[in-house]
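In what follows, a structure is listed as structure tokens, so that the remarks can point back to it.
The values are calculated or read from the model by the stated rules, or taken from the named source; none is laboratory data. The structure presented is a predicted model; accordingly, all values stated were derived computationally and were not measured. Cβ placement follows ideal geometry from the backbone for every residue including glycine, while neighbour counts extend to all protein chains displayed. Only protein heavy atoms, including side chains, enter the accessible area calculation; ligands, DNA and RNA are left aside. Shrake-Rupley method; radii C 1.70, N 1.55, O 1.52, S 1.80 Å.
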Amino acid sequence: MKLISVIVPVYNTEKYLEKCVMSILNQTYKNLEIILIDDGSTDNSPQICDSLAEKDNRITVIHQPNGGVSSARNTGLDNTHGDYITFVDSDDYLPENAVSRLLEAAYANGADIVEGARTDCLQNGVICRRHRHPSGKMNPHSLYGTTWGKIYRRELFEDICFPVGYWYEDSVISQVLLPQVKTAVGVSDSVYVYRQNSSGIIRGG
């Protein structure tokens, strides 16, 4: 059973953090390691991370000085042991079958990257939009520029790290990754719930 590493940068998201992490813990696919990187939060996020880790040994918490989302993700990558990696922002959350659906498609197609549809919600959690997504093999260059909503074969990140100090770091890392991708696959299922207009690590950290 493949181990999936879930990397969660955390920055001042105390309102949403527990929902995010619980959505990962409650995945139908259970063989997970969840790495919470507290990137110098100044609210109660560090304590929430530690409290959640006490309740489930799949969670590892790393506290570091604030360095931005790229720095936090790089710390996560340095501490992963999984066969596949997925990224979740700490103010968003996952449908319960997200990991299993992405992994099934990766197995079936020998894919390096699998990307799914996303659902948008407002800050109060009300669903406001469901996006469509093609199913089946895709041109890697047609993948969305976001890091989340995907599962990656671990080897893609062996010699790559996120650029620290850049805006739109997701797009930058995508440009570096894509030349290595032999097979990219899409699934039509929603695998990610994105919270709009949030003040979390990606939007403000």
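Quick grid of which residues meet (1) buried (at least 20 other Cβ atoms within 10 Å of the Cβ); (2) acidic (D, E); (3) assigned to a helix (DSSP H, G or I); (4) touching a Lys or Arg at 6+ places or on another chain (Cβ under 7 Å):
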{"site": "E54", "(1), (2), (3), (4)": "no, yes, yes, no"}
{"site": "H63", "(1), (2), (3), (4)": "no, no, no, no"}
{"site": "A72", "(1), (2), (3), (4)": "yes, no, yes, no"}
{"site": "G76", "(1), (2), (3), (4)": "yes, no, yes, no"}
{"site": "H81", "(1), (2), (3), (4)": "no, no, no, no"}
{"site": "I85", "(1), (2), (3), (4)": "yes, no, no, yes"}
{"site": "D91", "(1), (2), (3), (4)": "yes, yes, no, yes"}
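Could you please give the count of residues in the stretch 18-35 that are in contact with a Gly (Cβ under 9 Å, 6 or more places away or on another chain) and either hydrophobic (A, V, I, L, M, F, W, C) or within 14 Å of Y93 (Cα to Cα) (or both)?
Here the count works out to 3.
If I filter the stretch 171-202 down to residues being open to solvent by 20 Å² or more (accessible area, probe 1.4 Å), modelled with pLDDT under 80 and assigned to a helix (DSSP H, G or I), which single residue comes out as farthest from S70 (Cα to Cα)? It would help to see each step written out before you state the result.
Step one: filter the stretch 171-202 for residues open to solvent by 20 Å² or more (accessible area, probe 1.4 Å), giving 171-172, 174-176, 178-180, 182-183, 188-190, 194, 196-197, 199, 202.
Going one step further and asking which of them are modelled with pLDDT under 80, we end up with 171-172, 174-175, 197, 199, 202.
Checking which are assigned to a helix (DSSP H, G or I) leaves us with 171-172, 174-175.
Details: S171: 12, V172: 11, S174: 13, Q175: 15 Å.
Looking at the filtered set, the residue picked out is Q175.
When V99 is evaluated against the numbered criteria (1) of a type in the set (V, I, T); (2) without any contact (Cβ under 8 Å) to a residue 60 or more places away in the chain; (3) part of a helix (DSSP H, G or I), which criterion, by number, is the only one it fails?
For V99, the exception is condition (2).
Looking at (1) in contact with a Gly (Cβ under 9 Å, 6 or more places away or on another chain); (2) among the small types (G, A, S); (3) not in a strand (DSSP E or B), which is the only condition G116 fails?
For G116, the failing item is (3).
What is the residue count in the stretch 108-129 for residues that are open to solvent by 10 Å² or more (accessible area, probe 1.4 Å) and either aromatic (F, W, Y) or closer than 13 Å to V185 by Cβ (or both)? Please lay out each step first, then the result.
Step one: list which residues in the stretch 108-129 are open to solvent by 10 Å² or more (accessible area, probe 1.4 Å), which gives 108-110, 112, 118, 122-129.
Checking which are either aromatic (F, W, Y) or closer than 13 Å to V185 by Cβ (or both) leaves us with 108-110, 112.
The qualifying residues number 4.
Looking only at the stretch 136-151, count how many residues are under 19 Å from Y84 (Cβ atoms) and either outside any strand (DSSP E or B) or open to solvent by 70 Å² or more (accessible area, probe 1.4 Å) (or both).
Summing the residues that are under 19 Å from Y84 (Cβ atoms) and either outside any strand (DSSP E or B) or open to solvent by 70 Å² or more (accessible area, probe 1.4 Å) (or both) in the stretch 136-151 gives 8.
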